[in-house]
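Working notes for the structure below.
We did not get these values from a lab; they are worked out from the coordinates using the rules stated. These numbers come from a predicted model, not from an experiment. Here the Cβ positions follow ideal geometry from the backbone for every residue, glycine too, while neighbour counts run over all protein chains shown.
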Amino acid sequence: MALHKPDLILLDVRIPKIDGWQLCRMMKSETRTRDIPVIMLTGCSQPIQEAYGMACGADAYLTKPWNARELMDLVRRLLGSSRA
């Protein structure tokens, strides 16, 4: 069990052992982690994949190659809304 709860999670879809969509669904279903903003940052760029990521609970979905300014704007927006 983690001692500290992260402020935000950047999550790829393709990770070892479990895919990012499944992990996102698990985190958003847990009381302890459901309020942590999740940005899916991935190479899975098909519209159906993005829709699925959002349906799994992602707060934002950004495809590679991503724009650093866009990522930072998303981080600021999500951190601001999660602290409000």
Discussion item. I'd like to check something: does the range 63-72 contain any residue that is in a strand (DSSP E or B), surrounded by 10 or more Cβ atoms within 10 Å (Cβ to Cβ) and out of contact with any Lys or Arg (no Cβ under 6 Å at 6 or more places or on another chain)?
Written reply: yes
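So which of M40, M26, M72 is in contact with a strand residue (DSSP E or B) (Cβ under 7 Å, 6 or more places away or on another chain) and not small (G, A, S)?
On the way: M26 fails: in contact with a strand residue (DSSP E or B) (Cβ under 7 Å, 6 or more places away or on another chain); M72 fails: in contact with a strand residue (DSSP E or B) (Cβ under 7 Å, 6 or more places away or on another chain).
Going through M40, M26, M72 in turn, the sole match is M40.
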Item to complete: List every residue pair whose Cβ atoms sit under 8 Å apart, with the two residues 6 or more apart in sequence or on different chains, where the first one lies in the range 1-28 and is on the phi < 0 side of the Ramachandran plot and the second, anywhere, is in a loop (DSSP other than H, G, I, E, B) and of a type in the set (S, T, Y).
Response: K5/T33; M27/T33
Item to complete: Those residues that are in a loop (DSSP other than H, G, I, E, B), within 17 Å of W66 (Cα to Cα) and among the β-branched types (V, I, T), I need them from the range 1-30; list them, please.
Response: V13
